[in-house]
Amino acid sequence: MPKVPKVLILLDKSRTADRQFLRGIVRYSHLLSPWQVRTLAPFYRDPGGKLRVLSEAKSQQVDGIIANIDNAKMAKALILTGLPAIVIPIKERILGFPCIFDDADTAGKMAAEHMLSLGLRNFAFCGFENLCWSQARGEDFGKRIAKAGFQISFYNLPRLKIQRLWENEQIILVDWLKSLPKPIGLMACNDERGQYVLEACQVAGLRVPDEVAVIGVDNDELICDLTVPPLSSVALYT
């Protein structure tokens, strides 16, 4: 009988975006030939599992890898396996491997056109400066807004690590939101960031969506429904 390929898939099953990637992988494998898939154990059973499982991939006779790579240690471990791999990069492209990026142009364009359709004339973007997908979404949101003849304000991530702790960063984010012209349309790089923006709006006493209209990305229904008011979001994978 032909060998069934063993594929190591290291994606975060708790996030909607990664679950959508997984659904696509499952459909692909079912259409062609079955794969023997290995994924991570729940974090409460193996907190450091991602790096360990990646390091042991070759000894476990894995044939290929599909993984989110979010730090230098993981990138090095992936290279050392010597195995064929497809990377979904978090911070930057990993040289030597095919990398999958979502359609940032679509996300930014859809968010911008939605905001423009509301008749807004002030715009802002809140993301993460050190993550490639966030930067791409912000750039393409800005391009579409600029094409319409308007400017955009970008949130600057605090430089100090201690300031990036949410209880500290929230103060900075609140001050930034208060400084923006109103009413304003704000795109968050993803739904998690959108949730934080809405929390900061509450602290700042800003009315949503009357003063600040917020839209996220990924359409994570759980996160969107947890916010007050519910978060609007761009659905990338349908």
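The values are calculated or read from the model by the stated rules, or taken from the named source; none is laboratory data. Please read all numbers here as calculations on a predicted model, not as lab measurements. Here the Cβ is made from the backbone with ideal geometry for all residues, glycine too, and neighbour counts use every protein chain on show.
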Considering only the stretch 134-155, how many residues are within 18 Å of I215 (Cα to Cα) and either loosely packed, with under 13 Cβ neighbours inside 10 Å or of a type outside the set (A, V, I, L, M, F, W, C) (or both)?
-> 12
Residues in the stretch 112-151 that are touching a Ser or Thr at 6+ places or on another chain (Cβ under 8 Å) and assigned to a strand (DSSP E or B): how many?
-> 3
Tally of residues being of a type in the set (D, E, K, R) and over 16 Å from G127 (Cα atoms) across the stretch 141-160 | 2
From the set of residues in the stretch 187-238 that are β-branched (V, I, T) and crowded, with 19+ Cβ neighbours inside 10 Å, which is farthest from N168 (Cα to Cα)?
-> V234
Single residue of the stretch 173-184 satisfying the filter (not basic (K, R) and not in a helix (DSSP H, G or I)) that is nearest to the chain's Cα centre (by Cα) = I184
Among the numbered conditions (1) modelled with pLDDT of 80 or more; (2) farther than 30 Å from M187 by Cα; (3) hydroxyl-bearing (S, T, Y), tell me where Y44 comes up short.
-> (1)
Within the stretch 121-154, residues free of Cβ contacts under 8 Å to residues at least 60 places away in the same chain and touching a helix residue (DSSP H, G or I) at 6+ places or on another chain (Cβ under 6 Å) come out as A136, D140, F141, R144, I145, A148, I152
Would you call K109 among the basic types (K, R), at pLDDT below 90 and in a helix (DSSP H, G or I)?
-> no
Which of the residues that make up the stretch 5-35 are modelled with pLDDT of 80 or more, surrounded by 11 or more Cβ atoms within 10 Å (Cβ to Cβ) and aliphatic (A, V, I, L, M)?
-> V7, L8, I9, L10, L11, L22, I25, V26
Would you mind stating whether Q170 is within 21 Å of the chain's Cα centre (by Cα), part of a helix (DSSP H, G or I) and in contact (Cβ under 8 Å) with a residue 12 or more places away in the chain?
-> yes
Determine if the stretch 59-71 includes at least one residue that is crowded, with 20+ Cβ neighbours inside 10 Å and in a helix (DSSP H, G or I).
-> no
Has the stretch 185-197 got at least one residue that is part of a loop (DSSP other than H, G, I, E, B) and either in contact with a helix residue (DSSP H, G or I) (Cβ under 8 Å, 6 or more places away or on another chain) or among the small types (G, A, S) (or both)?
-> yes
